[in-house]
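Single-structure report; data block below.
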Amino acid sequence: MAVNFEEDIIKQRQEFHMTVFCQCFSPCGKYLVAANNFGKIAVFSLVSALSPDVIEDNRRPILSFEGSKGAIYTLLSTSKFLICGGEGEIRAWNWSDIYKKTPKVAWSLSNSSSVRFDEPETNCLLYNEKDNTLFSGCGDNNVYMWDLESGTCKGTLSGHTDYIHCLTSRNNGQEVISGSEDGSVRIWDSRRTSEAMHVVEPYKHEECCRPNQGKWIGCLAVDSSDDWLVCGGGPSLTSWHMRSLSPTITFPTPDVCHNHVMFYEDMVSGH
Amino acid sequence: MSSSTNPIVKKRRRTTRPGSEISITTSSKDVKKVKLMSHEPQEPAYSEEKEVDLRDPQKDQAMFATACGEVKTCMKNIYDMKMEGQQPGPSEVSEKRIQASLNFVTLKKLNRVAHIRCKKAKDVTHESKMKVDSFHLQLQNLLYEVMHLQKEIRKCLEFDSKDEDIDLVEVDDFYQDAPAEISKPEITQKDPHQLRLARLDWELEQRQRLAEKCKDAQNNKDIFLKEIRTKKEYLDSLQPKLTDVLQSTQPLQMLSMPYEETRTQHKTARHLPRPLYILYVQASAYHEACDKRLSVNIEGDLEAAIVEESTNHAIEIESDSDDETAERSKRRRRKTGDVLKEKRKRTLKKHPLKVTLTVKCSDGSVLCLTFSYLILLQIVTVSVKLTPASDSVVSTVTGGDLLSANSLLSCLFPEDYGNDTPNTANNYQLSKLGMDSFRAYISEVGHPYMWVQRLAGLEFLEGDEDQEVPRAKSSVSASHIEATTKALRNRVTARLALQKQLASLERHTIPVPSESQCLFPAKLDGKFTNWTSIPYEDYIILPYTREVQEAEMVNEMDMLFKATFERKSAKLNAAIVVPQDYPGSPSLFSVQISWRGEHNAQNDESIRLMESEVNVHFKEIMAHGSPDYLLTNQLQRLLMCFDVYLEAKSSLASLAAPVEFSKDKVMPRLARGPHRAKPYKYNPHHGFFSHR
């Protein structure tokens, strides 16, 4: 009785302090997958949760399993796999297994190269379908390119001086844009890994910098025409013109640091 | 010739004239009737009866008519003759006269014949009548006999011989069981009467056999009864001898074996109500078997208990008649308040005997629990008294309530606050008498904790509206006693330790026991400046505790405190919830930092992380130190995180303002993850801070 009670207390506390870091949709669009800071992945059925006669139980996950021992910071969904990255290695599960409610790790990638006492976390993942490459932005200031066919690291994009917050791609995956804690947005050519093509530092610009919040870049998005880049975080949310790499519009959101931004049709939404 | 005899003929009725009738009958309607009298020479007498038989009545009647006519004509002739005027000769008249007279003879004869005929007819009828009568009589006799016989038959048929009443065995069984001499199957199968007789025979034989057996059994029984009687007498004679032996062992008991004491206690125990009895038995058993530091005693008034038992039945009857007495008293205009008060008092009345359990803890404190049984409400309550060891008593301002009898044992097991009676029926009983809920009477009667009920063997199920009061079971008690004593001891030690900690916290030092030193770095710059206890109303108005309230993780019964840390211009306020069953449930912190603005869990992710560091990962703290020091270790950890927060934030915001807090601590990485977590985790081996 006491053991159960202790577990109950721990569970209660955990629930109280749970943060959901990321979510994504299943390829069929019927399920929503979310991951939290304790490493648990929960699958929700959108159909039953959004139906008109929803009951409380329908809002609970239909399946939840432990994704990793530490927090999970990012989830990515390809047509075949659900990939998660966070504290620890990058893991993937087959969607077919998840549909059958028996998830097992299909494959995993880890940064065996770094032998530091502090294994870097993966903060964001980006998938390029065309050449089956997975980009991961890590806590050791690098962006790694993984070849999913062989499961090895094809290359590293290094140049940031602090850990990577977010990744996005442009030009059909040829270019990769990364935003980091050090305040810079770097645009890379995915074939050349020597150094970034361009570096943008929003915090150095008068219009958008917010010294109180810091200089870190939390989120990046590129619109469909590849002309505009939106980034936010410590500096306020600003849209940049890609060609000239100059800030154009600043979205005034005082006191709010953005963690996510995306283009939707012709609107920008972020929080 | 014949005519001379005619007038005398009528005197000779009895004579018969067989031959003459014929001749008369064949004579025609002549005026003259010649009566031929032919005497039968052989016949001695003249029988007119015979004559009558031969004559035809019709003819007689005609003869009568003619005779009368002749007389009439003769008369007429005579008259005519007389009238004619001529004097008839007297001989003609006398001839006519004689002729007329002769007709008279005929008439007389006819009359006679008629009479005889009648008489004969009468005789014949009379005879027949006689015959008929005799037949009738015979008929009557026969009928009477028939009836008589019928009655007899009926009687015979109705005769209920006793043998119908006897339940005989079934025919098949009979054929199986009975020996051949009796059952005689060849005969009996054909003749039902014989069959019945045979069955009756068999029945008789069986009954005789069984009667014999019965007599034998009866004899045996008598013998046994006699034996029992003798043995009983022997045992009775033993009793005084045993008491003598006991007396003589008294001096031995003085030495080391207090049998007498335990015996008297056991005797008293017999008068305990059942739940208390179970408690007593289990506790003594446990004391003997496992735990020498637990002792059990019975206190109270034995005679009152005996009186109580004998009036036990009367109580229920009384409670019904109480309503009547209440009404009667109303009529008598007595104050009904008195009667009601009486009833209320009786509802809360305790049984005169109580069981005391004394638990000695390892540090010398003694916890004394007195269990009483409320008779009408059928629950067991406990009143608590703690005598702490002399060196462990510390006076505190904030911890005043810790060791109070009211809250010392609150929440010994989860959700067991002991404020309400576990027996749902009590609510109805109390409301019927207009009494408040049980909570109001706790000061009088003690706390009805659930574990107390379980120790006494009463298992009340929750939320069961119309349950009957469960019968106290010793299995329930036995399974709980070990856990409960452990919990009691732990609770006492925990409370005493908490009291000590609170005392030192009030002095603004966080006592960190040596085994927990490794959890924290040696030097922390923040200063602990304030520690107060706050009431529940104040807690709920604090803005940064809103989430805790919404998650229902705090309630009125918990102990609430407020702590303040300061470092230069920054100030940290923490509201702390210490639940009643601390350290079973660890304390819960809500943090607010004022430094360059108000930061709390809602608007600053780092503070939320700080809270989770302290609230969620308490198990590490407990692993490195005893659970009793959980609160202080959590405080120390909070202080550490406060330092880290200030230093990290300072460095990160180095663009905006000069660094207020220099980075004293070793933090290889200031932020990590999308939420830019601060390195709150302290790594004791290498002395640096990292992320979780």
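The values are calculated or read from the model by the stated rules, or taken from the named source; none is laboratory data. Being a predicted model, the structure only gives us computed values, none of them experimental. As a convention, Cβ positions derive from the backbone with ideal geometry for all residues, glycine included, and neighbour counts pool all protein chains shown. SASA here: full protein model, heavy atoms, side chains in, ligands and nucleic acids out. Shrake-Rupley method; radii C 1.70, N 1.55, O 1.52, S 1.80 Å.
I'm trying to understand the selection: among the residues of segment B:553-575, which are free of Cβ contacts under 8 Å to residues at least 60 places away in the same chain and either part of a loop (DSSP other than H, G, I, E, B) or under 23 Å from residue B:411 (Cα atoms) (or both)?
Of everything in segment B:553-575, those that are free of Cβ contacts under 8 Å to residues at least 60 places away in the same chain and either part of a loop (DSSP other than H, G, I, E, B) or under 23 Å from residue B:411 (Cα atoms) (or both) turn out to be B:553, B:554, B:555, B:556, B:558, B:560, B:562, B:575.
Within segment A:206-231, which residues are open to solvent by 20 Å² or more (accessible area, probe 1.4 Å) and assigned to a strand (DSSP E or B)?
Result: A:222, A:228.
In segment A:82-104, what residues are more than 23 Å from residue B:673 (Cα to Cα) and of a type outside the set (Lys, Arg)?
A:94, A:95, A:96, A:97, A:98, A:99, A:102, A:103
Let's see how each residue does on (1) charged (D, E, K, R); (2) open to solvent by 20 Å² or more (accessible area, probe 1.4 Å):
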residue: B:557; (1), (2): no, yes
residue: B:561; (1), (2): no, no
residue: B:578; (1), (2): no, no
residue: B:605; (1), (2): yes, yes
residue: B:614; (1), (2): no, no
residue: B:635; (1), (2): no, no
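Are any residues in segment B:376-391 open to solvent by less than 30 Å² (accessible area, probe 1.4 Å) and either hydroxyl-bearing (Ser, Thr, Tyr) or within 20 Å of residue B:441 (Cβ to Cβ) (or both), and if so, which ones?
Matches in segment B:376-391: B:377, B:379, B:380, B:381, B:382, B:384.
Would segment B:650-670 turn up any residue that is modelled with pLDDT under 80, within 12 Å of chain A (Cβ to nearest Cβ) and within 28 Å of residue B:542 (Cα to Cα)?
Looking for residues that are modelled with pLDDT under 80, within 12 Å of chain A (Cβ to nearest Cβ) and within 28 Å of residue B:542 (Cα to Cα), one finds at least one in segment B:650-670, hence yes.
Among the residues of segment B:587-603, is any on the phi > 0 side of the Ramachandran plot and modelled with pLDDT under 80?
Within segment B:587-603 (the criterion being on the phi > 0 side of the Ramachandran plot and modelled with pLDDT under 80), the answer is yes, since at least one residue qualifies.
If you take the residues of segment B:405-429 that are of a type outside the set (Ser, Thr, Tyr) and outside any loop (DSSP other than H, G, I, E, B), which of them is farthest from residue B:581 (Cα to Cα)?
Here the residue is B:429.
Hey, residue B:299 hits all of (1) at pLDDT 75 or above; (2) surrounded by 14 or more Cβ atoms within 10 Å (Cβ to Cβ) but one; which does it fall short on?
(2)
Any chance you could count how many residues in segment A:207-231 are within 13 Å of chain B (Cβ to nearest Cβ) and on the phi < 0 side of the Ramachandran plot?
Residues meeting the conditions: 11.
Report yes if some residue within segment B:438-454 is modelled with pLDDT of 75 or more, within 14 Å of another protein chain (Cβ to nearest Cβ), touching a helix residue (DSSP H, G or I) at 6+ places or on another chain (Cβ under 8 Å) and farther than 30 Å from residue B:623 by Cα; otherwise report no.
yes
Can you tell me how many residues in segment B:479-522 are within 60 Å of the chain's Cα centre (by Cα) and in contact (Cβ under 8 Å) with a residue 40 or more places away in the chain?
19
What single numbered condition from (1) of a type in the set (Ser, Thr, Tyr); (2) within 14 Å of chain B (Cβ to nearest Cβ); (3) out of contact with any Ser or Thr (no Cβ under 7 Å at 6 or more places or on another chain) fails to hold for residue A:190?
(2)
Name every residue in segment A:161-174 that is of a type outside the set (S, T, N, Q), assigned to a strand (DSSP E or B) and open to solvent by less than 30 Å² (accessible area, probe 1.4 Å), in order of residue number.
Residues satisfying the conditions are A:164, A:165, A:166, A:167.
Could you say whether any residue in segment B:589-597 is out of contact with any Leu (no Cβ under 8 Å at 6 or more places or on another chain), within 12 Å of chain A (Cβ to nearest Cβ) and surrounded by fewer than 21 Cβ atoms within 10 Å (Cβ to Cβ)?
Within segment B:589-597, one or more residues are out of contact with any Leu (no Cβ under 8 Å at 6 or more places or on another chain), within 12 Å of chain A (Cβ to nearest Cβ) and surrounded by fewer than 21 Cβ atoms within 10 Å (Cβ to Cβ).
Would you call residue B:630 of a type in the set (A, V, I, L, M), open to solvent by 20 Å² or more (accessible area, probe 1.4 Å) and either under 27 Å from residue B:664 (Cα atoms) or away from chain A (no Cβ under 14 Å) (or both)?
It is false that residue B:630 is of a type in the set (A, V, I, L, M), open to solvent by 20 Å² or more (accessible area, probe 1.4 Å) and either under 27 Å from residue B:664 (Cα atoms) or away from chain A (no Cβ under 14 Å) (or both).
Inside segment A:180-205, can you point out the residues that are charged (D, E, K, R), part of a loop (DSSP other than H, G, I, E, B) and within 21 Å of the chain's Cα centre (by Cα)?
A:181, A:182, A:201
Pairs under 7 Å by beta carbon, first residue assigned to a strand (DSSP E or B) in segment B:523-552, partner among the basic types (Lys, Arg) and surrounded by 16 or more Cβ atoms within 10 Å (Cβ to Cβ), six or more apart or different chains?
Final answer for the pair search is B:527/B:567; B:532/B:562.
Only one of these is more than 19 Å from residue B:676 (Cα to Cα) and β-branched (Val, Ile, Thr): B:593, B:576. Name it.
Sole residue among the options that is more than 19 Å from residue B:676 (Cα to Cα) and β-branched (Val, Ile, Thr): B:576.
Taking the condition acidic (Asp, Glu) and within 14 Å of another protein chain (Cβ to nearest Cβ), does residue B:552 pass?
Yes; evaluated as a whole, the condition is true for this residue.
I'd like the full set of residues that are closer than 30 Å to residue B:48 by Cα and of a type in the set (Ser, Thr, Tyr), limited to segment B:71-124.
B:73, B:101, B:106 - these are the residues of segment B:71-124 that are closer than 30 Å to residue B:48 by Cα and of a type in the set (Ser, Thr, Tyr).
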